[in-house]
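Readers should treat all values here as calculations from the given coordinates under stated rules, not as data from a laboratory. Bear in mind the structure is a predicted one, so any value in this text is a computation, not a measurement. Virtual Cβ from ideal backbone geometry, glycine too; neighbours counted across all protein chains shown.
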Amino acid sequence: MQIKNVIFDLGGVLFNIDYNRTKNAFQQLGFAKFEEMYNQYHSDGLFTELETGHVTQEVFYQRMLAHAPINVSATNIQNAWNAMLLNFRKPALPFIDVLRKERKIYLLSNTNAIHEAAFLKIIAEETGIDDFDACFTKAWYSHKIGMRKPDVATYQYVLDDAGIVAEETLFIDDSYNNIEGAAAAGLHTHLLLPSEQIEDVQYG
């Protein structure tokens, strides 16, 4: 296997996240069944629309507030939604710098405008990097390309847009369903376990 390209996921791979923090924050706001609406492996219609850019963050807040107790505000919703975002895995940066001397490095993330603004702010504060996307040959965010993992069409779009082929590309993600979608698109894959870092992966 000759790997010429590596596509990284963001959350759980390069950026530490904790879905339980968001679940707990929403439950404290009165969303008793939030985990049925959104978790690492599933999202209902509203969250899928947000992550594919088909609703604005303002519409997202409005629709969430329609199901919230009367004293909940849009700021409460924003803070609860962002609660899962912890910190950037700083050791990843020098490793990526070394890796991209040998291969093309990409980023593919299921995310949304609210989270993007928040994690870019965290990364800038923690690392001093104001243009995080410049760390990669190219970065794709689901809310900007209008599609998301694990749809096979998403991976094919990325391959076509980058002008690379699946047989020479390794995809790294921490969610098994995203790995399955990538494998179906013909990519080499690695499911990053909670005990692993990207430095531990064999890149061929």
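Points worth noting:
- Of the peptides 144-155, 187-198, the order by per-residue mean of other Cβ atoms within 10 Å, starting with the highest, comes out as 144-155, 187-198.
- Degrees separating the helix 152-162 axis from the principal Cα axis of the chain, which is the longest one: 60
- Computed E for E196/Q28 - FRET, C-beta separation, R0 41 angstrom, nearest 0.05: 0.85
- Dividing the alpha-carbon radius of gyration of segment 19-82 by the rule-of-thumb value 2.2 N^0.38 Å gives 1.02.
- Relative packing of 94-101, 12-19, which averages over residues the other C-beta atoms within 10 Å, highest first: 12-19, 94-101
- Here the contact order of the chain, divided by its residue count and restricted to Cα pairs under 8 Å and six or more residues apart, works out to 29 percent.
- When you restrict to C-alpha pairs under 8 Å that are six or more residues apart and normalise by the size of segment 157-204, the relative contact order lands at 33 percent.
- Counting Lys and Arg as +1 and Asp and Glu as -1 over every other residue whose Cβ lies under 14 Å from the Cβ of A92, the net charge comes to -4.
- Scalar couplings 3J(HN,Hα) for segment 55-63, obtained by applying the Karplus form with A = 6.51, B = -1.76, C = 1.60 to θ = phi - 60°, are 10, 7, 5, 5, 5, 4, 4, 4, 6 Hz; x denotes Gly and Pro.
- Considering only the chain, percent of DSSP beta bridges that pair antiparallel, nearest 5: 25
- 5 angstrom amide H check on I7, placed H, neighbours 5+ away: Y106, L170, F171, I172
- Here's how it looks for W140: its modeled amide H is under 5 Å from those of L107, L108, S109, which are all 5 or more places away or on a different chain.
- Total lysine pairs whose alpha carbons fall under 14 Å of each other in the chain (8 or more apart, or interchain): 4
- Relative contact order for segment 19-82, counting Cα pairs under 8 Å that sit 6 or more residues apart, in percent: 39
- Each Lys and Arg Cβ is given +1 and each Asp and Glu Cβ -1; about its Cα centre, the chain then shows a dipole of about 200 debye.
- Listed values for segment 130-144 are Karplus-derived 3J(HN,Hα) couplings in whole Hz (6.51 cos²θ - 1.76 cosθ + 1.60, θ = phi - 60°), namely 8, 10, 4, 4, 5, 6, 10, 4, 7, 10, 10, 10, 4, 6, 9, and x replaces Gly and Pro.
- In plain terms, if you count all Cα to Cα distances in the chain and split them into 5 Å steps from zero, the share in each step is 1, 7, 15, 20, 19, 16, 10, 6, 3, 1, 0, 0 percent.
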